[in-house]
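Encoded as structure tokens, the structure appears first; notes follow it.
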Amino acid sequence: MLSIHNLSATVADKPILKGLSLSINAGEIHAIMGPNGAGKSTLGYTLGGRPGYEVTGGSVTFNDEDLLALAPHERAAAGLFLGFQYPVEIPGVSFVQFLREAANAQRKSLGQPPLTGGEFLKLAREKAGLLKMDMDMLKRPVNVGFSGGEKKRAEMVQMGILDPKLAILDETDSGLDIDALRIVGEGINAIMRKPDRAVLLITHYQRLLDYVKPDFVHVLAGGRIIRTGGAELALELESQGYEAVTA
């Protein structure tokens with residue numbers, strides 16, 4: 001599904017990714033772990049096409065298409081979803097309207113008819129239910145007044161509505177209490193743990209991986225993946241720290 005070969009990228013002319021390679025197949029969940037400054041978020045933003053993240057070498061294919069040749073909205077239309085560590089607030093725009101516009105823009109790009117109001121509300125209720133969110137919350141302005149956990153749950157509702165092929169989730173566990181962590185983890189599993197879907201989890205900690213069991217765990221340090229293992233590697237990192245594997 002996703003093939004990254006020798007990817008290098010800079011931010012403000014500073015090299016961050018330095019020859020990173022990674023392959024993700026449909027049906028797999030991969031976790032990227034590593035110390036601060038290793039390049040984890042840069043990887044997510046580069047794949048998503050965020051401005052300011054300049055690719056200086058390597059290639060990325062997504063379902064046999066050159067991902068780097070696509071604009072950010074084209075990457076989203078192709079089935080890529082990027083979840084942010086800090087979801088933004090958009091005052092004056094209701095979450096329901098935002099989600100409906102996003103869903104119909106996605107459908108238009110795929111040559112599908114727009115959802116009617118009734119069809120969209122049925123879909124939104126279904127996905128909100130997976131994240132235990134009251135629909136009244138989604139009538140509020142986007143993320144305005146939401147707690148950290150509510151923002152992450154609302155973002156997972158958005159992911160469910162857009163139904164991506166590959167979800168890149170950047171520190172989705174950040175700011176979550178114990179209950180919200182479980183709800184978000186269960187939501188990710190319900191939405192994305194399917195034979196034709198894949199997930200790349202970017203995280204510092206093991207705790208989310210207790211709920212979203214990864215098939216592979218990768219250690220990113222110095223702009224490259226330096227070690228790969230199974231779910232047990234995350235437990236090793238949790239107990240020994242990153243220095244034990246990056247030294």
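Taking the criterion of being out of contact with any strand residue (DSSP E or B) (no Cβ under 9 Å at 6 or more places or on another chain) and within 16 Å of Ile183 (Cβ to Cβ), the residues of region 144-161 that qualify are Phe146, Ser147, Gly148, Gly149, Glu150, Lys151, Arg153, Val157, Gly160. The sole residue among Pro141, Pro164 that is in contact with a strand residue (DSSP E or B) (Cβ under 6 Å, 6 or more places away or on another chain), surrounded by 14 or more Cβ atoms within 10 Å (Cβ to Cβ), more than 26 Å from Ile202 (Cβ to Cβ) and of a type outside the set (Ser, Thr, Tyr) is Pro141.
On the basis of being hydroxyl-bearing (Ser, Thr, Tyr), more than 30 Å from Pro114 (Cβ to Cβ), buried (at least 18 other Cβ atoms within 10 Å of the Cβ) and in contact (Cβ under 8 Å) with a residue 24 or more places away in the chain, does Thr172 make the cut? The answer is no for Thr172. Look at Pro51 and say whether it is in contact with a Gly (Cβ under 7 Å, 6 or more places away or on another chain) and surrounded by fewer than 16 Cβ atoms within 10 Å (Cβ to Cβ). Criteria not met by Pro51.
Any residue in region 141-163 that is under 23 Å from Leu123 (Cβ atoms), among the polar types (S, T, N, Q) and either out of contact with any helix residue (DSSP H, G or I) (no Cβ under 7 Å at 6 or more places or on another chain) or modelled with pLDDT under 85 (or both)? Looking for residues that are under 23 Å from Leu123 (Cβ atoms), among the polar types (S, T, N, Q) and either out of contact with any helix residue (DSSP H, G or I) (no Cβ under 7 Å at 6 or more places or on another chain) or modelled with pLDDT under 85 (or both), one finds none in region 141-163, hence no.
Taking first residues from region 9-35 that are under 23 Å from Phe216 (Cα atoms) and partners that are aromatic (Phe, Trp, Tyr) and part of a strand (DSSP E or B), the Cβ contacts under 6 Å between residues at least 6 apart in sequence or on separate chains come to His30/Phe216. Counting the residues of region 80-96 that are surrounded by 13 or more Cβ atoms within 10 Å (Cβ to Cβ) and either polar (S, T, N, Q) or over 26 Å from Leu43 (Cβ atoms) (or both) gives 5. Each residue in region 167-190 was checked for being among the aliphatic types (A, V, I, L, M) and either at pLDDT below 85 or touching a Pro at 6+ places or on another chain (Cβ under 9 Å) (or both), and 1 of them qualify. Could you figure out which of (1) within 23 Å of Gly27 (Cα to Cα); (2) under 16 Å from the mean Cα position of the chain (by Cα) isn't true of Gly149? Of the numbered conditions (1) within 23 Å of Gly27 (Cα to Cα); (2) under 16 Å from the mean Cα position of the chain (by Cα), the odd one out for Gly149 is (1). In the set Leu110, Leu70, Leu99, only one residue is aliphatic (A, V, I, L, M) and surrounded by fewer than 16 Cβ atoms within 10 Å (Cβ to Cβ); that residue is Leu110.
Any chance region 61-70 includes a residue that's on the phi > 0 side of the Ramachandran plot, in contact with a helix residue (DSSP H, G or I) (Cβ under 9 Å, 6 or more places away or on another chain) and not aromatic (Phe, Trp, Tyr)? So far as region 61-70 goes, no, none of its residues is on the phi > 0 side of the Ramachandran plot, in contact with a helix residue (DSSP H, G or I) (Cβ under 9 Å, 6 or more places away or on another chain) and not aromatic (Phe, Trp, Tyr).
For residues that are over 22 Å from Lys165 (Cα atoms) and in contact (Cβ under 8 Å) with a residue 40 or more places away in the chain, tally how many sit in region 87-99. Selection size over region 87-99: 9.
Looking at region 1-100, the strands (runs of 3 or more DSSP E) lying wholly inside it that each contain 3 or more residues that are touching a strand residue (DSSP E or B) at 6+ places or on another chain (Cβ under 9 Å), under 26 Å from Pro141 (Cα atoms) and not polar (S, T, N, Q) sit at 80-83, 90-94. Among the residues of region 101-134, the ones that are among the aliphatic types (A, V, I, L, M) and assigned to a helix (DSSP H, G or I) come to 8 in all. Within region 224-245, restricting attention to residues that are surrounded by 16 or more Cβ atoms within 10 Å (Cβ to Cβ) and at pLDDT below 90, the residue that is farthest from Gly57 (Cα to Cα) is Glu236.
The values are calculated or read from the model by the stated rules, or taken from the named source; none is laboratory data. Owing to the predicted nature of the structure, the values given are computational and were not obtained by experimental measurement. Ideal geometry is used to build each Cβ from the backbone, glycine not excepted, and the neighbour counts take in all protein chains shown.
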